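Read through the structure below, which is laid out as structure tokens, and then see the notes.
The values are calculated or read from the model by the stated rules, or taken from the named source; none is laboratory data. Just so it is clear, the structure is predicted and the values come from calculations on it, not from any experiment. Here Cβ is always computed from backbone atoms with ideal geometry, including for glycine, and neighbour counts include all displayed protein chains.
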There are 2 protein chains.
Amino acid sequence: MTTKAVNPETQRAKLERKERAILEAARGVFVEHGFDGARMSEIARRASIGEGTIYSYYESKAELMLAVLQQFWDGLTLEAEAVMASAQVDDFFERLQALAEYHLGTVIANADFINLTFALRRNNSEVSVSRDHLRHYVAVFDSLFRRGQDRGELRRDAVLWQARDIFYGTLEYSARSIEMTMDTDRTERLQGPVVDEMISLFHSHYAVAHDTIETDRVTLDSMSSKLDQLSEQFDALARRLPQ
Amino acid sequence: MTTKAVNPETQRAKLERKERAILEAARGVFVEHGFDGARMSEIARRASIGEGTIYSYYESKAELMLAVLQQFWDGLTLEAEAVMASAQVDDFFERLQALAEYHLGTVIANADFINLTFALRRNNSEVSVSRDHLRHYVAVFDSLFRRGQDRGELRRDAVLWQARDIFYGTLEYSARSIEMTMDTDRTERLQGPVVDEMISLFHSHYAVAHDTIETDRVTLDSMSSKLDQLSEQFDALARRLPQ
DNA sequence: CGGTATTTTCGAGTCAAGCTCAATAAGGGA
DNA sequence: TCCCTTATTGAGCTTGACTCGAAAATACCG
């Protein structure tokens, strides 16, 4: 009696703990062996439960995988937001650099997960979920970019989704390239140059550099008129000179 | 005697024809159902052979898939090279645009294959092959870019692999985004703007226009100081003149 | 042509892995 | 303690990649 009715929470807590155990075991096995290579029996063994029990928590292997991915992407999004929140400067480009460094590092470190996410593109139901993960994650960049436009650091006519494609597309492709050259090649690529190039690219393509050119044009105009003026004065002076 | 020894070629040709039939059937089934969804039995049925026969041509399902991918990527590379060869202009940016249009269209049209390529990243042996496909394919961009540098259209200090990452990374990411918004959203993205933005980006970041602006600035500064100097000399001269 | 060696094809059978389900255990209220 | 609900289990079911012994086709030779 006393030990049994300890708490109504206990039961739920127990289930949740078990669910977390399954998720953690699944995460490890999926990362180690990929989706096809992962064995439900191994996941069950690591979670210290029977194989059939998994199916009372998750409908199928695919759904379990999806839960793992959900957790993974949620974690990424939170971390990315934290990186932005902890930035000590307001400057767009500094923040972009922080985000790029974080993203590139993460994508390289968790390449397995990223690949798994895109490998799971068969059933339409799963696609939508995977899409939501991405949408939520890239929202960090979106708000950063919009803020940069509002603060006048970025061109107003820049198209958000184009910038987003360039940012994430380039970083992911670079991550794959870095990954590829890691084990075999001697010409190992580093993360630093990739991020630097990205910032430089955003500077030259999206910064309000146009204003600078405007200023130059103004300088040019004023110089030109000054020159004309000087020329006239010179002529006038020359005419006043004695032969 | 007469009918049997028709030709020593016949036998080999027969085998090769059968191999092509298997490859073609496999290609269709893989594209329709993905790697896991594809059934060896269906491939055999479509190729009008017994299931076991496939295994006297290919070691395993994975190796068959790899052969399909090999053929696919080789075709892509050839097409990309043909696009470059048939370009009517020499201008780097026009050629880049043609390549971008081709690549984006191809990636969207054959999204299944592209995904399959990256989904097959488990066994190390397969990785290397997949890497070679990519390396060979992107060589088209590489030679185009180098030519652009040689012809003085592109900055000499530009780093090739960085430009390559930007080009292919952005296009692939855009292709995925376009794919995603295709069936559901009303705000459908088009391929045109993506390519245009890419060209514009390469113009602003890699064209020798940077040098021009730099040169302009330097010229402007020196002209400005010379003008001031001249103005002073003129005043001094004017003061020395008799009233 | 007949006979024989070799090569190619075949599909029934094996094995492995995801998944089901009837039986069992655990929990919890009266 | 009894009973009902819920959770857990692993032996089997199903499916699909792959094997293998046999048969069919082909090549070779006298």
Cβ contacts < 7 Å: first residue assigned by TED's automatic domain parsing to the domain that holds A:A25 and modelled with pLDDT of 95 or more, restricted to region A:38-50; second residue surrounded by fewer than 20 Cβ atoms within 10 Å (Cβ to Cβ) and part of a loop (DSSP other than H, G, I, E, B), any location; separation 6+ or different chain. Result? A:A44/A:G50
Cross-chain or 6+ apart pairs with Cβ under 9 Å, region B:129-145 first and over 18 Å from B:V83 (Cα atoms), then hydroxyl-bearing (S, T, Y) and not in a helix (DSSP H, G or I): B:R131/A:T184
Would region A:59-79 turn up any residue that is surrounded by fewer than 14 Cβ atoms within 10 Å (Cβ to Cβ), more than 14 Å from chain B (Cβ to nearest Cβ) and within 14 Å of DNA strand D (Cβ to nearest atom)? yes
Conditions (1) without any contact (Cβ under 8 Å) to a residue 24 or more places away in the chain; (2) in the same structural domain as A:I178 (by TED's automatic domain parsing) -> A:E63 fails only (2)
